[in-house]
Every structure is written in structure tokens, then in C-alpha cells.
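Each reported figure results from applying straightforward, stated rules to the coordinates on display, with no laboratory input. Just so you know, these numbers come straight off a predicted model, no measurement behind them. Glycine gets a Cβ as well: all are built from the backbone with ideal geometry, and neighbour counts include every protein chain shown.
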């Protein structure tokens, strides 16, 4: 099946990413819609995104999860993708993810980040991600290695998961609740580039371990029912 303009929305949470936006938006596959969710930028990011053809959604409540969920609720396409807006990940890599969803081979497709070049993935961020991936495997049984932000799934089933985290635990909660619902979750290697600008979440040890704490709370949730919502 070939994607069309009504098939895919790409949610791009954004906080002061003016420098990265032109590259990121230039890599959105033809016919897909970019939803740039502004989370309180002061560097003109919304105007730049709009000028480059993106749809801008404003989310005043700070938090990675708040921005992602605002984009999900604003989306209208059958399939919704998520990608960071800092040029560390190429949204064009989402094409095979979407194909896998459309073909019915998976319900949630994730990108496993493979760092490219020095500074692509600081040691503290990688250590935090590794610890969380191990906890995730114990909690769900899924043989995943990363909780990266590059991902694709169908919009209505995502909304039906009832995601509540509005901080950095949002991506993990999505995977945990998908696993509890019996979703087929797959993971594929993707190149991970040095980001443009400073990280708002894992740029420091303090930020990384705050994210780990947020996600640990998600892992402590009681398992939900295993009925698959499609």
C-alpha cells in the first residue's frame, strides 16, 4: 500500500528548535503532514515551522508527554508517527515503519537508536536508557533495547490506551500499555545523529535521572487488561 496525504501525521514536539526545524521539516516524506507542537518556544520556532509548511499546535503545559499527547489529539490521520525535532533523527526513516503498520505486521514500531559520530548519545543518557530498557523487559517481556522517540502506530488505538503521563515517562507508558493490551511491538535500528542545540531532558546527569524517575513510576503501574484495541 502506498501512503497518501491522508495517511500519516508526524508529531514533532518542539521547544526552541529554530535551528533544527528546516532540516527536520525538509525530511518529512512527501504527502505526510508535520504537526509541530510548540511547548513554549521563545526563539521563533512556531513562525519558522509555519513558514515551512507545518501545522503548528500550541501546548502551554510544559512537558515532553504533554507536547506529544497534544499532537496525538490534534492528529486526524489513521497513522501517527512521533519524531524528535532536534535533527538527531531523520523522519524519512519512518517510511518502512508506516509500511509495517499498514501491512498489518505490527501495531507499534519503534526505532532503536544507533549513534553516529561523537556526541550523538552522551554516556549518561545511554546508561539511563539501558537501565530502563532492562526494567521494561522485566515488566512486559518485550525484547526491546531502546525507548527512542521515533515510532509509528494507528491513531485510534493509541488514544484508546488512555495515556496519562505528561512528562518524560510518556514514551515508556505508550510501550507498557501497548504490551499490556497485547500489541505486536517491533524494533528496528535507526541512525542517531548529534542533536542540534541543547537537550531539554537528557542533556545532563540530573535531567537523565529525572527522566529515569518519571519512567520508573510508569513501570510501577499495575498491568492493564490484555485486550487488543485496534
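The range 51-77 and the range 91-152 have their alpha-carbon centroids 21 Å apart.
Rank these for me by crowding, 76, 140, going from fewest to most other beta carbons within 10 Å. Kindly include the intermediate steps, with their values, before the conclusion.
Working: 76 11, 140 18.
With the fewest neighbours first, 76, 140 line up as 76, 140.
Counting other Cβ atoms within 10 Å as a rough exposure proxy, the listed residues 45, 77, 216 run 216, 77, 45 from fewest neighbours to most. Each peptide in 82-90, 152-160, 129-137, 107-115 receives the mean, over its residues, of other Cβ atoms within 10 Å, and ordering these scores from highest gives 82-90, 107-115, 152-160, 129-137.
Entry note, the range 8-219: relative contact order of 25 percent, from Cα contacts under 8 Å with a spacing of 6+ residues.
Relative contact order of the range 1-103: what whole-number percent is it, with Cα pairs under 8 angstrom and at least 6 residues apart? Could the numbers behind the result be given before it?
Working: 198 pairs, mean separation 38.0, N = 103.
Computed value for the range 1-103: 37 percent relative contact order.
So if we plug the beta-carbon distance of residue 103 and residue 42 into 1/(1 + (r/R0)^6) with R0 = 41 Å, what FRET efficiency do we get, rounded to 0.05?
Values: r = 42 Å, r/R0 = 1.03.
After rounding, the FRET efficiency stands at 0.45.
Mark the label point 7 Å from the Cα of residue 92 along Cα→Cβ and return the residues of the range 29-54 whose backbone N is within less than 13 Å of it. Zone members listed by number: 29-30. How would you classify the range 8-219 from its alpha-carbon gyration tensor, with a ≥ b ≥ c the square roots of the eigenvalues: rounded for a/c under 1.5, else prolate if a/b is greater than b/c, otherwise oblate? Here the range 8-219 falls in the rounded category. Counting every other Cβ atom within 10 Å of each residue's Cβ, 43, 180 order from fewest to most as 43, 180.
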